Amino acid sequence: MGRLVVIEGLDGAGKRTLAARLTAELSAAGGTVCSTAFPRYDDDVHAELARDALYGRMGDLASSVHAMAVLFALDRRAAIPALRTDLATHDVVLVDRYVASNAAYNAARLGQDAHGEVVEWVRALEVERFDLPVPDHQLLLAPPREVAAERARARELTEPGRERDAYESDDALQARTDAVYRQLAGAGWLSPWTVVDGSGPDPAPALARLLLDGPG
Ligand code: FDM
């Protein structure tokens, strides 16, 4: 049975780059790897609806924290058979965003007092009710804010006119989400976590060793 490894982080944290580097390192070490990403905008109607809502094309839908969380959760629920097959046939299944995205963003959307309740509600819905495979290890990619801001500026230059969704364009929400992510990682929510400060040297070789040999 393979290990389910999740990469989490804010928009612009560099999750895709880390996934590609980790895939290369894990393969070079002789491991079989496959990767996937949520939301699956092109493959699932719930993800498609969530995207439309994030771009203001679904009336007031995005204003409901729970409705948005349910859409993202249903996207993952529909992916369970494929995830189980991938886990049965690979050493590592690498996932870009998973259930912790739902916990972090939706807790951050509500006041501090509701954080614990929302995080637990997401866990009960996705892990208990939907029986989603639980991650074996989660990586929080959390570069210093200046590095993330610099990347965002570079992205504006390379992808001019790229629209930002409702969450991405809300700086206060991003800062609160960063804080919830760090709490989830600190508490070891659902699995052991490793926090990666993407500003230093390439973390992929050490992470690949940890994921193939290490505990958790
Ligand atoms: N998001 C993503 C959630 O709120 N819950 C989830 O389960 C997932 C997978 O949706 F702001 C948020 C995170 C982000 C937005 O995701 C769109 P991408 O990865 O930026 O497309």
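Just so you know, all these numbers are worked out from the coordinates, no wet-lab data involved. Given the structure is predicted, the values throughout are model-derived calculations rather than measurements. Backbone-built Cβ (ideal geometry, glycine too); neighbour counts: all protein chains shown.
For segment 139-216, rounded, prolate or oblate, judged on the Cα gyration tensor with a ≥ b ≥ c (square roots of eigenvalues), a/c < 1.5 rounded, else prolate if a/b > b/c?
oblate
Please give the length that would be gained between THR158 and ALA82 if that part of the chain were fully extended, namely 0.36 nm times their separation in residues minus their C-alpha to C-alpha distance (nm, one decimal).
Contour length minus the Cα-Cα distance gives 24.0 nm.
Which log10 I(q)/I(0) values does the chain give at q = 0.18 Å⁻¹ under the Debye formula, counting every alpha carbon as one identical point scatterer?
-1.48
What's the extension gain from SER169 to TYR41 if we count 0.36 nm per residue and subtract their Cα-Cα distance?
So the chain would gain 44.2 nm between SER169 and TYR41.
Relative contact order of segment 3-213: what whole-number percent is it, with Cα pairs under 8 angstrom and at least 6 residues apart?
Result for segment 3-213 is 33 percent.
Give the order of TYR41, TYR167, TYR181 when sorted by the count of other beta carbons within 10 angstrom, beginning with the fewest.
In order of increasing Cβ crowding within 10 Å: TYR41, TYR167, TYR181.
Place a +1 charge on the Cβ of each Lys and Arg in segment 149-216 and a -1 charge on the Cβ of each Asp and Glu, then give the dipole magnitude about the Cα centre in debye, rounded to the nearest 20.
Details: 8 positive and 12 negative charges, 34 e Å.
Once rounded to the nearest 20, the dipole reads 160 debye.
Considering all projection directions equally, how large on average is the shadow of the alpha-carbon convex hull of segment 15-78, in square nanometres?
Average projection, Cα convex hull of segment 15-78: 5.3 nm².
Tell me, how many Å apart are the Cα centres for segment 96-146 and for segment 161-191?
The two parts, judged by their Cα centres, are 10 Å apart.
For the chain, what is the mean residue ellipticity at 222 nm derived from helices alone (per DSSP H run of n ≥ 4: -39500 (n - 2.57); sum divided by total residues; nearest 500 deg cm²/dmol)?
Numbers: 9 runs with 109 residues, N = 216.
Computed ellipticity for the chain at 222 nm equals -15500 deg cm²/dmol.
List every residue whose amide H lies under 5 Å from the amide H of VAL196, counting only residues 5 or more places away in sequence or on a different chain, with H placed 1.01 Å from N in the peptide plane.
Close amide H contacts, sequence-distant or interchain: LEU140, LEU141, ALA142.
Determine, for THR177, THR36, the number of other Cβ atoms within 10 Å of each Cβ, and report the residues in order from fewest to most.
THR36, THR177
What is the set of long-range amide H partners of LEU110 at a cut-off below 5 Å, with H atoms built 1.01 Å from backbone N?
Amide H neighbours of LEU110, under 5 Å, 5+ apart: none.
Assuming R0 = 25 Å, can you tell me the calculated FRET efficiency for the pair ASP11 and ARG209, based on Cβ-Cβ distance, to the nearest 0.05? Don't jump to the answer; show the numbers that get you there.
Numbers: r = 28 Å, r/R0 = 1.14.
Computed FRET efficiency for ASP11 and ARG209: 0.30.
Using the alpha carbon gyration tensor of segment 75-185, what are the three equivalent-ellipsoid semi-axes (square root of 5 times each eigenvalue), largest first, in whole Å?
Equivalent ellipsoid of segment 75-185: 27, 20, 13 Å, largest first.
Which of GLU126, GLU25, GLU48 comes first, and how do the rest follow, when ranked by fewest Cβ neighbours within 10 Å?
GLU48, GLU25, GLU126
Can you compute the modelled spin-label distance between ASP60 and GLN112, with each label point 7 Å from Cα toward Cβ, in nm?
Calculated label separation equals 2.9 nm.
Which GluC sites (Glu not before Pro) in segment 132-216 sit in a loop by DSSP (not H, G, I, E or B) and have at most 13 other Cβ atoms within 10 Å of their own Cβ?
Loop-located and lightly packed - GLU163.
Checking understanding here: applying a Kyte-Doolittle mean of at least -0.5 and a length along the axis of at least 15 Å (C-alpha), which whole DSSP H helices in the chain pass? Before the final figure, lay out the partial values.
On the way: long enough: 15-28 (19 Å, 0.00); 65-78 (20 Å, 0.87); 99-109 (16 Å, -0.04); 145-158 (20 Å, -1.00); 171-187 (24 Å, -0.27).
What comes out of the filter, once short or polar helices are dropped, is 15-28, 65-78, 99-109, 171-187.
With each label point set 7 Å from Cα along the Cα-Cβ vector, what nm distance links PHE130 and GLU146?
The answer from the label model is 3.9 nm.
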